[in-house]
Amino acid sequence: MCSSDLVTPDMAARLAARGEEERMARRDRQLVAAINELEELFVLFDETDRIVVANERFCEINAAIPDAIVPGVTFEEHVRAGLKAHLYPEALGREETWLRDRLERHRNPKGAFEQERQNGRLLLINEQRLPSGGIATISVDFKERKRGEQASAHNNKMQAIGQLAAGIAHDFNNVLGDRKSTRLNSSPQIISYA
């Protein structure tokens with residue numbers, strides 16, 4: 001009797017399903033690992049606007065509101081918790097208006113926008129509506145990037161000023177040199193040492 005004769009069609013279907021489940025579980029683990037390796041902040045909301053998954057960067061910037069960054073929390077609950085924790089400096093003093101505008105922007109994404117966060121951080125946020133009705137949000141914390149760009153611009157400016165100053169000094173020295181030689185050559189006094 002062959003071993004294949006021992007496997008009933010029902011058992012074969014269960015084995016195939018188990019193999020498919022294992023492949024899907026492996027794929028899910030790979031996807032979560034890839035999302036966590038992103039330099040950017042990432043969060044996925046389902047069609048009911050509830051968090052499905054968020055990466056470590058997203059959790060780090062929202063560490064002050066740990067209960068509002070777990071799967072199942074709605075976007076509005078997340079943002080309200082952030083408002084209470086003062087994570088959005090630009091909202092201070094106008095929380096309800098800011099919240100209404102932020103919810104509208106989230107529900108109807110129209111491209112990337114900047115958002116101030118706590119500790120002087122600045123995010124470039126890009127929200128994308130998915131065919132399923134959910135929303136994927138990818139954000140870049142570009143405070144450091146902007147600081148680097150500003151430092152580079154400052155260095156370029158200082159280098160240009162240095163070159164300009166060197167050029168002016170060179171021209172000034174030429175003028176002074178010409179004056180000295182003119183004075184020495186046209187001087188009525190003759191100096192001699194005997």
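Each reported figure results from applying straightforward, stated rules to the coordinates on display, with no laboratory input. Nothing here was measured: the structure is a model prediction, and the numbers come from that model. Methodologically, a virtual Cβ is constructed for each residue, glycine included, from the backbone with ideal geometry; neighbour enumeration extends over all protein chains shown.
Order the peptides 22-33, 73-84 from the highest to the lowest mean number of other Cβ atoms within 10 Å of their residues.
So the order, starting with the most tightly packed, is 73-84, 22-33.
Under the √(5λ) rule applied to the eigenvalues of the Cα gyration tensor, what semi-axes describe the equivalent ellipsoid of the stretch 39-104? Give them in Å, descending.
20, 14, 10
Answer rounded, prolate or oblate for the stretch 24-135, using the Cα gyration tensor with square roots of eigenvalues a ≥ b ≥ c: rounded when a/c is under 1.5, else prolate when a/b is larger than b/c, else oblate.
prolate
Within the set of other residues whose C-beta is less than 13 Å from the C-beta of ARG26, count the net charge using Lys and Arg as +1 and Asp and Glu as -1.
Surrounding charge for ARG26 is 0.
Rounded to the nearest 0.05, what FRET efficiency is calculated for GLU56 and LEU92 with R0 set to 25 Å and r the Cβ-Cβ distance?
About 0.35, to the nearest 0.05.
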